[in-house]
Amino acid sequence: MDTEQSHASCLHHCAEFAVRLQQEIDNARPDRTLALLVLHLQRSDRIISLISPSYADVIRQRLWERLRPGLRDQDVAVFASDNECWLMLPGLAAPELVLLAIHRILTTLDVPLMLDSHSVHFSPAIGVAVTPVTGLTSTTMIRMADQAQKRASAEHLRYAFAEQDIKTSLLPENLPKLVAEVIEANALNVVYQPKVDIHTHRVVAVEALVRWPSDHPQFVPVNELIETVERCGMVEALTLQVLTTVLRESSGWQAQGLDVKIWINLSARLLNQPELPRTLAHKLEVWFAASGSIGLEITESALIRDLEQTVEVLTELKRLGFALAIDDFGTGYSSLAYLRRFPIDELKIDRVFVDSMTDSVQDEQIVKSIVDLAHNFGLPVVAEGAERAETVDMLRKMGCDQVQGYYFAKPMPASQLLKWCADFHLKHAR
Ligand code: C2E
Ligand code: MG
Ligand code: MG
């Protein structure tokens, strides 16, 4: 890596970065490694950046001046926020070279930055996703590096590699065929994650999440599974299988004292199928499931594509008795005023805001505004991804209604759910 004269570029927008990353993934040579680094900068000057907005630009500029000499011409960066920089390092001749790059970056950040009258110290944590594999999307790669970064931060490591890298690079070429076989054999697993009312400490609902069969010789992560079914037109088959499994597994819950609404995820692609509501309702009839026992979570971005068609399908789903929630709220571009057009019952705040709200005043404010706005529209709010007591306390004080997160429980198979809920209710009845 040549130093002083590096022409590495820093882009202005994450979207632009994602497009470039996808191009790199698509054009990657099999004998070269592409690395994606998510660099989180825990800084000692956060208060100043909050008080003075222009300070953020100065600090980004100074940071970039620091980082750039350690990068190569073909490397590309973007500041995803004041505290986070994404870097893509394409065409590495060997995977080990990424370690060299990481050490260079960490060394440059060891020295505090002098700004006017104060010095800025860093405690960086880097998440790394490395892949020579084609067929991976930029979104997946960013998510993998982001998760690795969170793990590095949580475990006080300076850097961590995405755990799924190795598994992903071992994914077979014939993944679509494998997925089709598993769906055909009705073999997908479903796990359930409780949604807890944080004021009464009752489990009021669960979200059903699909999983690759645990007894299958090949491991396929859920994001790869979903991407494959979406790409290969199997999403309706997957959804129907998840719904059928949920109806079968939950058929005895009420008799055993567990009365919860079950939410399943509905892919965006299904919203332009006018026959979908009837197909889903038919499953409910076959299983004698009560109308209103099933909710459908739809991601925010999915709603925006074809407004008229979406409103029509959602209205019909609602008429047939399904509850509707907007998933991952806050990551799309819609306003709540616009969402008024949809017959929604619940809003789920995306976990990227929830996760960092105790550390970031901005994220705290985002979560608070979503809670308040949703309540103004008469909608209950679920916060997703709360991992710590502190976060749950903060959400409770804000008036958020429910929490779904590792703090209470990770997703679990139906066989464990009843006992978990009974124990939880007993513990909180005291
Ligand atoms: P989602 O619908 O937003 O589901 C929530 C995700 O957040 C789940 O990941 C869950 O395990 C995770 N999560 C919940 N609490 C925490 C927490 O405290 N910390 C962390 N780090 N994560 C938490 P999962 O199961 O990997 O699912 C990922 C996504 O895959 C889902 O996001 C959903 O978009 C999709 N998906 C899962 N099952 C289905 C399905 O049956 N159909 C469709 N179309 N999509 C599905
Ligand atoms: Mg969901
Ligand atoms: Mg979600």
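So, in the range 192-238, how many residues would count as being in contact with a Lys or Arg (Cβ under 9 Å, 6 or more places away or on another chain) and open to solvent by 20 Å² or more (accessible area, probe 1.4 Å)?
Result for the range 192-238: 9.
Are any residues in the range 377-430 touching a residue at least 60 places away in the same chain (Cβ under 8 Å), closer than 22 Å to VAL190 by Cβ and not in a helix (DSSP H, G or I), and if so, which ones? Show your work before the answer.
Of all residues in the range 377-430, those touching a residue at least 60 places away in the same chain (Cβ under 8 Å) come to 382, 392, 395-396, 400-404, 408-414, 417-418, 420-422, 424-425, 428.
Cutting the leftovers down to closer than 22 Å to VAL190 by Cβ gives us 382, 402-404, 408-414, 417-418, 420-422, 424.
Selection gives VAL382, GLN402, VAL403, GLN404, PHE408, ALA409, LYS410, PRO411, MET412, PRO413.
Can you tell me which residue in the range 193-216 is farthest from HIS428 (Cα to Cα), limited to those that are more than 11 Å from ligand 1 (Cβ to nearest atom) and small (Gly, Ala, Ser)?
Looking at the filtered set, the residue picked out is SER214.
So GLU384 fits all but one of (1) over 21 Å from ALA325 (Cα atoms); (2) among the charged types (D, E, K, R); (3) within 16 Å of ligand 2 (Cβ to nearest atom); what number is the exception?
(1)
Could you tell me which residue of the range 387-408 is nearest to ligand 1 (Cβ to nearest atom), considering only residues that are surrounded by 20 or more Cβ atoms within 10 Å (Cβ to Cβ) and either within 23 Å of PHE342 (Cβ to Cβ) or modelled with pLDDT under 95 (or both)?
Per the stated criteria, the residue is GLN404.
Find the strands (runs of 3 or more DSSP E) located wholly in the range 138-227 whose residues include 2 or more that are of a type in the set (A, V, I, L, M, F, W, C) and in the same structural domain as LYS410 (by TED's automatic domain parsing), and list them. Even if it seems obvious, please write down each step before you answer.
Working: elements: 159-161, 189-197, 202-211.
Ranges flagged: 189-197, 202-211.
Of the residues PHE342, PHE353, which single one is among the aromatic types (Phe, Trp, Tyr) and under 20 Å from GLN147 (Cα atoms)?
On inspection, the qualifying residue turns out to be PHE353.
The values are calculated or read from the model by the stated rules, or taken from the named source; none is laboratory data. The structure displayed is predicted, hence computed values, not measured ones. Neighbour counts are summed over all protein chains in view; Cβ atoms, including those assigned to glycine, are modelled from backbone coordinates with ideal geometry. Side chains are part of the model used for accessible areas, which takes the heavy atoms of the whole protein and leaves out ligands, DNA and RNA. Shrake-Rupley method; radii C 1.70, N 1.55, O 1.52, S 1.80 Å.
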